[in-house]
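Trainee: Please see the structure below; I have some questions.
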Amino acid sequence: MKTLFCFIFLFTPLLLAAQDATEIIKKVDQKMRGKSSSSNMTMKIIRPDWSREISMKGWSLGTGYSLILITSPARDQGTAFLKRDKEIWNWQPTIDRVVKLPPSMMSQSWMGSDFTNDDLVKESSVLEDYDHFLKGDTIINNYDCWKLELIPKEDAAVVWGSIELFVSKTDYIELLIRYFDEDGFLINTMILSDIKEMDGRLIPSKMDMIPEENPDQRTVIIYNDLDFDIDIDEGFFSIQKMKRIR
């Protein structure tokens, strides 16, 4: 009995830490996602000798539904990406074709950027597909932050081997995210900045994704506007709607 008591005593802090980490992740996810949302975004793909800008609109409902529409440049206008539960679809108006994306494409570049398909349509869930661990405290840009580690669950179909997440303690704001492969090598770093109040929520409006192997390039996504808890239902997220939406 004494041995069992000691085991429970030693193991309880680990359980509490995991629970606290999950609560932090849940609050961060709820803050950035809401029950539903619509957004207007600009993406800038920056390379040493060229750059490209893409404008897009986005809609989401919970964790299961999202739709992204490219509004410019003209050659990409009307291209759309739809997520319904675990299915991802791409509408290419120039060839009048709908393509279903297999899970193997989730780690590939989205529109030639440093973001993956998974990053944009969020096929995987940081809440459901990962275990969460509180790893300590640190200071980032004068914010007192938690450092959290996300490890994929055994059967989860995810892109990353692990994720490090740094969240401010005051407003649950994501400030820095590091993405590692299965061997523990750092692949991408995302810096979140330009914190603004958008629809009553204090959130980072700018995201810089920087690949570790090519630190002289990056992709920047800027939220121009973001509305939460909009009136939208599952019927909005259909292949027919994806092909017609403007």
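Trainee: Among the residues of segment 124-135, is any of a type outside the set (Val, Ile, Thr), crowded, with 19+ Cβ neighbours inside 10 Å and closer than 30 Å to Ser55 by Cα?
Mentor: Yes, that holds for at least one residue.
Trainee: Can we say Lys153 is of a type in the set (Lys, Arg), over 23 Å from Ser66 (Cβ atoms) and open to solvent by 40 Å² or more (accessible area, probe 1.4 Å)?
Mentor: The answer is no for Lys153.
Trainee: Turning to a different aspect of this structure: Being in contact with a Phe, Trp or Tyr (Cβ under 6 Å, 6 or more places away or on another chain) and assigned to a loop (DSSP other than H, G, I, E, B), is that true of even one residue in segment 33-42?
Mentor: yes
Trainee: Looking at Gln77, is it open to solvent by 70 Å² or more (accessible area, probe 1.4 Å), of a type outside the set (Lys, Arg) and under 16 Å from the mean Cα position of the chain (by Cα)?
Mentor: In short, no.
Trainee: Could you say which residue among Gly64, Gly58, Gly34 is of a type outside the set (D, E, K, R) and on the phi > 0 side of the Ramachandran plot?
Mentor: Gly34
Trainee: Which of the residues belonging to segment 80-110 are modelled with pLDDT of 85 or more, open to solvent by 40 Å² or more (accessible area, probe 1.4 Å), among the hydrophobic types (A, V, I, L, M, F, W, C) and not in a strand (DSSP E or B)?
Mentor: Ile95 - this is the single residue of segment 80-110 that is modelled with pLDDT of 85 or more, open to solvent by 40 Å² or more (accessible area, probe 1.4 Å), among the hydrophobic types (A, V, I, L, M, F, W, C) and not in a strand (DSSP E or B).
Trainee: Go through (1) in contact (Cβ under 8 Å) with a residue 60 or more places away in the chain; (2) part of a strand (DSSP E or B); (3) open to solvent by 50 Å² or more (accessible area, probe 1.4 Å) one by one and return the number of the condition Lys27 breaks.
Mentor: (2)
Trainee: Search segment 172-228 for residues being among the hydrophobic types (A, V, I, L, M, F, W, C) and in a loop (DSSP other than H, G, I, E, B), and hand back the single one that is least open to solvent (accessible area, probe 1.4 Å).
Mentor: The residue in question is Ile173.
The values are calculated or read from the model by the stated rules, or taken from the named source; none is laboratory data. As the structure is a computational prediction, the values presented were derived from the model and not from experiment. Neighbour counts are summed over all protein chains in view; Cβ atoms, including those assigned to glycine, are modelled from backbone coordinates with ideal geometry. Ligands, DNA and RNA are excluded from the accessible area calculation, which covers all protein heavy atoms including side chains. Shrake-Rupley method; radii C 1.70, N 1.55, O 1.52, S 1.80 Å.
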